[in-house]
Every structure is written in structure tokens, then in C-alpha cells.
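Nothing in this text is a laboratory measurement; each read-out follows from the coordinates by a stated rule. Because the structure is a prediction, the values reported are computed rather than measured. Backbone-built Cβ (ideal geometry, glycine too); neighbour counts: all protein chains shown.
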Amino acid sequence: DPPSEPYVSASSVALIEKSQPPRALTEAEIQDYIAAYAKAASNAVYRAEFDGVEVHSANGYLPDQFLQSVSNTRTD
């Protein structure tokens, strides 16, 4: 089954030749994702009383896609 949400990334770059490229996030959506990450971390520490939070920012996860030239062709 296709995903219920569209694939998004830093840029609209397909990972392999025959794959459908993700939709590039708008600047406003990037700010929304930043706020969502911050809210999730805040909830983990202050509501669930975790000692800390680690954001996985490697191996192709969304934050990593902004750091890699293969997936980020943005100029903004």
C-alpha cells in the first residue's frame, strides 16, 4: 500500500533512478518540523520525565537529509 502521507525531504531528489522523488519541504514546513521536534523533546523531558533526548540525525533521517549534498540541493 502507498503511504498515507507524502514523502518529504530537504529537496525533491529521488534516491534511486526509478523511485518517485519526495516533495521538497517549504520553508514554513521546515519551521513546523523544527517546532514538532522541539515539542517532542520537551514532552519527553518535562512530561514523561526522561533524563534526556537524542535526535537521530544520521542514516538518511530527515535532519540528515539537510546535511547531505546528495539529498539537499536547496539554496535558501
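Here are the numbers for the structure shown:
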{"read-out": "The range 9-36, residues that are surrounded by 11 or more Cβ atoms within 10 Å (Cβ to Cβ), touching a residue at least 40 places away in the same chain (Cβ under 8 Å) and not in a loop (DSSP other than H, G, I, E, B)", "value": "9, 24"}
{"read-out": "Answer residue from the range 37-69, given it is of a type in the set (S, T, N, Q) and part of a helix (DSSP H, G or I) and is nearest to residue 8 (Cα to Cα) among those", "value": "65"}
{"read-out": "For residue 40: the one exception among (1) surrounded by fewer than 15 Cβ atoms within 10 Å (Cβ to Cβ); (2) touching a helix residue (DSSP H, G or I) at 6+ places or on another chain (Cβ under 9 Å)", "value": "(2)"}
